[in-house]
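Working notes for the structure below.
The values are calculated or read from the model by the stated rules, or taken from the named source; none is laboratory data. Please read these numbers as outputs of a predicted model, since none were measured by experiment. Neighbour counts run over all protein chains shown; Cβ positions are idealised from the backbone, glycine included. Side chains are part of the model used for accessible areas, which takes the heavy atoms of the whole protein and leaves out ligands, DNA and RNA. Shrake-Rupley method; radii C 1.70, N 1.55, O 1.52, S 1.80 Å.
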Amino acid sequence: MNEQRVQTSEALRVGLVLALAGGYLDAYTYLCRGGVFANAETGNMVLLGVKLAAGDWAAAAKYLPPIFAFFLGVLAAEAIRRRGKAAPAAKLHWRQWVLALEIGVLAAAAFAPLGGAWDMAVNWAVSFVCALQVESFRRVHGKAYATTMCTGNLRSGTELLYQYFQTRDRSILRSSLRYYQVIVAFIAGAAVSAVLAGPLGQWSVLAACGLLAVVLVVLRQAEVTSRE
């Protein structure tokens, strides 16, 4: 599929920047907010089960809020999508509203001091933001992918790579390589976060706001151009 014919929200360049932001946020919560990976909830669910099995109710309870925050993020994204679909003449596309909400939540998180209950609150906020993002940006060049976690991307990319070796269809190879590019972008985002976490501390989350702002501008410019 030609890049020019792809909807902007599904363009590879958008997926790569979102993956940069996803990797950045995962490293940020781990390095600055108590060693937690807040982007995906599988680990929290596993630890919830482990603590419940051990009868440690207090420890189990702390894993529920980020899971619930992710749940609320999905609901919020769907509510924004439905509202946007009902008002097609709105000044901003619904995905742009999602990005604006992400930026606002993360900017507010930058003012939360490091440590204690503040770290927990920020991790909940990041879980909420990541749910917004993964629910709103699901495809790159028509293929399902994720920008806040990479296990599924690795599976899909490798599956397509195997299909390419069987068929020698270069379009399948291009689809496979897009997944690996997203994974590399995710890792690069984590690396940049690690570099900035030391000197900037709690404020380093603002770099993720910058990345999301880039996507917002790209989507906005594409929309304006399409109307001209």
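Details
- Annotation: of all residues in the range 5-63 being closer than 13 Å to Thr148 by Cβ, open to solvent by less than 60 Å² (accessible area, probe 1.4 Å) and of a type in the set (S, T, N, Q), the one that is nearest to the chain's Cα centre (by Cα) is Asn39.
- Here Gln96 meets each of (1) in contact (Cβ under 8 Å) with a residue 40 or more places away in the chain; (2) outside any loop (DSSP other than H, G, I, E, B); (3) surrounded by fewer than 20 Cβ atoms within 10 Å (Cβ to Cβ) with one exception, condition (3).
- Once the range 152-182 is narrowed to residues that are touching a residue at least 40 places away in the same chain (Cβ under 8 Å) and not small (Gly, Ala, Ser), the residue that is least open to solvent (accessible area, probe 1.4 Å) is Val182.
- Among the residues making up the range 22-67, those that are closer than 18 Å to Ala121 by Cα, outside any helix (DSSP H, G or I) and without any contact (Cβ under 8 Å) to a residue 40 or more places away in the chain are Gly35, Phe37, Tyr63.
- The requirement of being closer than 21 Å to Phe37 by Cβ and of a type in the set (A, V, I, L, M) is satisfied by Leu114.
- Any hit, the range 8-22, residues being at pLDDT below 90, closer than 30 Å to Arg170 by Cβ and among the acidic types (Asp, Glu): no
- Selection of the range 79-93 for residues being farther than 12 Å from Leu132 by Cα and either among the acidic types (Asp, Glu) or surrounded by 12 or more Cβ atoms within 10 Å (Cβ to Cβ) (or both) yields Arg83, Gly84, Ala90, Leu92, His93.
- Residues in the range 79-114 that are over 15 Å from Leu212 (Cβ atoms), aliphatic (A, V, I, L, M) and out of contact with any Phe, Trp or Tyr (no Cβ under 8 Å at 6 or more places or on another chain): Ala79, Ala86, Ala87, Ala89, Ala90, Leu114.
- Meets criteria (surrounded by fewer than 17 Cβ atoms within 10 Å (Cβ to Cβ), in contact with a Leu (Cβ under 9 Å, 6 or more places away or on another chain) and not acidic (Asp, Glu)) for Ala108: no
- Flag if Ala213 is farther than 17 Å from Leu12 by Cβ, of a type outside the set (S, T, N, Q) and in a helix (DSSP H, G or I): yes
- Pick from the range 135-149, criterion open to solvent by 30 Å² or more (accessible area, probe 1.4 Å) and in a loop (DSSP other than H, G, I, E, B), ranking: nearest to Phe186 (Cα to Cα): Met149
- Of all residues in the range 81-100 being small (Gly, Ala, Ser) and within 22 Å of the chain's Cα centre (by Cα), the one that is modelled with the highest pLDDT: Ala100
- If the condition is being of a type in the set (A, V, I, L, M) and closer than 20 Å to Gly34 by Cβ, then the range 79-111 contributes Val105, Leu106, Ala108, Ala109, Ala110.
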